[in-house]
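**Q** Okay, here's the structure, questions in a sec.
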Amino acid sequence: MAAKRIGILGAMPEEINGIVSLLKGRSEVIKGMRTYYIGTINDIEVVVVFSRWGKVASATTVTHLIVEFGITELIFTGVAGAISKDLNIGDIVIANSLVQHDLDARPIMKQFEIPLLGKTILYPSEKLFNIVVSSTNELIKNDGLANLFSLSECHAFSLFNQKVVVGQIASGDQFISSSIEKEKLLKVIPNVLCVEMEGAAVAQVCYEYNIPFVIIRTISDSANENSIIDFKEFTAKIASKLGVIIVQKLVNNLKNDFYH
Ligand code: SAH
């Protein structure tokens, strides 16, 4: 079996910096306005990179990871706006399916259909998905987050009630920040849990190259009129740190599952 090389793609520079600081034997390659950090976490080879924002940018970055660095699986981490009323800021969503909500070639194709693939929805690798769900749940249950954040931050962002939720993520080249846009999205994609700008594009590239992937998102805002305030505060104070511990725990669990 070929050696594992995990691609870690993040949508927040702060989070990437935290993950990069975990790397041993680190080297860097700069290409196409992106810096790829190569090294190991717990003796597993990883390549870490900031995805940049939006579908084109993130698709380009993941293609480079696959073609130039030969990654064997892909973990994506970032933040998202909640569409489901059951989600709160701080909750973690793990995609069990992804759709590009701005892809619409009607009347030539069905709404959301990816040209030439004939699919509207893409699914993560089941094995990787299961490991991510269990390791993220473990993190919330056992380790708790109170050690990582101050008591006032835990209260401010309701981190004591944080939950891990599995469901559908919609991606598009749009920052959703109004209740009207949110309602519109819910009408056409009733099962959608949250919205972001990269996941389904990354999923498409991984599908086409047959690379197992998983998309993890922490809710940073409620995709409404408060979005921009919530988003900025949450990403700066909480999400950047949270992503690092999620990845660290996950790579540890991947090691146990894949290597022993
Ligand atoms: N941090 C940048 C903006 C990044 S773009 C700035 O402040 O200028 C927004 C990022 O957050 C993308 O990675 C996107 O996937 C995610 N995101 C969070 N909430 C979102 C929302 N409500 N709608 C769309 N994307 C959202």
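The values are calculated or read from the model by the stated rules, or taken from the named source; none is laboratory data. Treat the numbers as computed from the prediction; the structure is a model and nothing was measured. Methodologically, a virtual Cβ is constructed for each residue, glycine included, from the backbone with ideal geometry; neighbour enumeration extends over all protein chains shown. Note: areas computed on protein heavy atoms with side chains; ligands, DNA, RNA excluded. Shrake-Rupley method; radii C 1.70, N 1.55, O 1.52, S 1.80 Å.
**Q** For the condition modelled with pLDDT of 90 or more and farther than 26 Å from K110 by Cβ, what is the one hit in D221, D173? So that I can check it myself, show each step before the final result.
**A** Numbers: D173 fails: farther than 26 Å from K110 by Cβ.
Just one listed residue meets the conditions, D221.
**Q** Just checking, does region 65-84 include any residue being more than 16 Å from the ligand (Cβ to nearest atom), in a helix (DSSP H, G or I) and aromatic (F, W, Y)?
**A** Looking through region 65-84, at least one residue is more than 16 Å from the ligand (Cβ to nearest atom), in a helix (DSSP H, G or I) and aromatic (F, W, Y).
**Q** Of all residues in region 217-260 being open to solvent by less than 10 Å² (accessible area, probe 1.4 Å) and of a type in the set (G, A, S), which is farthest from the ligand (Cβ to nearest atom)?
**A** G243
**Q** Could I ask something else about it? Looking at region 140-166, which of its residues are within 16 Å of the ligand (Cβ to nearest atom) and at pLDDT 95 or above? Please lay out each step first, then the result.
**A** First, the residues of region 140-166 that are within 16 Å of the ligand (Cβ to nearest atom): 157, 165.
Within region 140-166, just V165 meets the criteria.
**Q** Next question. Considering each of I44, I89 in turn, give the residue that is touching a residue at least 24 places away in the same chain (Cβ under 8 Å), open to solvent by less than 30 Å² (accessible area, probe 1.4 Å) and closer than 22 Å to L250 by Cα.
**A** Numbers: I89 fails: open to solvent by less than 30 Å² (accessible area, probe 1.4 Å).
One residue alone meets the criteria, I44.
**Q** While we're looking at this one, here's another question. Would you check if S135 is among the hydroxyl-bearing types (S, T, Y), assigned to a helix (DSSP H, G or I) and either within 29 Å of L185 (Cβ to Cβ) or open to solvent by 50 Å² or more (accessible area, probe 1.4 Å) (or both)? I'd like the intermediate steps shown before the answer.
**A** Details: among the hydroxyl-bearing types (S, T, Y): yes; assigned to a helix (DSSP H, G or I): yes; either within 29 Å of L185 (Cβ to Cβ) or open to solvent by 50 Å² or more (accessible area, probe 1.4 Å) (or both): no.
No, not satisfied.
**Q** Follow-up. From K110, K127, grab the single residue that is open to solvent by 40 Å² or more (accessible area, probe 1.4 Å), free of Cβ contacts under 8 Å to residues at least 60 places away in the same chain and on the phi < 0 side of the Ramachandran plot. Please lay out each step first, then the result.
**A** Details: K127 fails: free of Cβ contacts under 8 Å to residues at least 60 places away in the same chain.
The conditions single out K110.
**Q** When only residues in region 197-216 that are more than 18 Å from V166 (Cβ to Cβ) and more than 12 Å from the ligand (Cβ to nearest atom) count, which is surrounded by the most Cβ atoms within 10 Å (Cβ to Cβ)?
**A** Filtering first and then ranking leaves C206.
**Q** How many residues does region 1-55 contain that are in a loop (DSSP other than H, G, I, E, B), farther than 30 Å from V195 by Cβ and either under 15 Å from the mean Cα position of the chain (by Cα) or of a type in the set (G, A, S) (or both)?
**A** Initial filter on region 1-55 (in a loop (DSSP other than H, G, I, E, B)): 1-4, 11-12, 21-23, 32-33, 42-43, 51-54.
Remaining after also requiring farther than 30 Å from V195 by Cβ: 1-4, 23, 42-43.
Filter once more, keeping what is either under 15 Å from the mean Cα position of the chain (by Cα) or of a type in the set (G, A, S) (or both): 2-3.
The number of residues fulfilling the criteria is 2.
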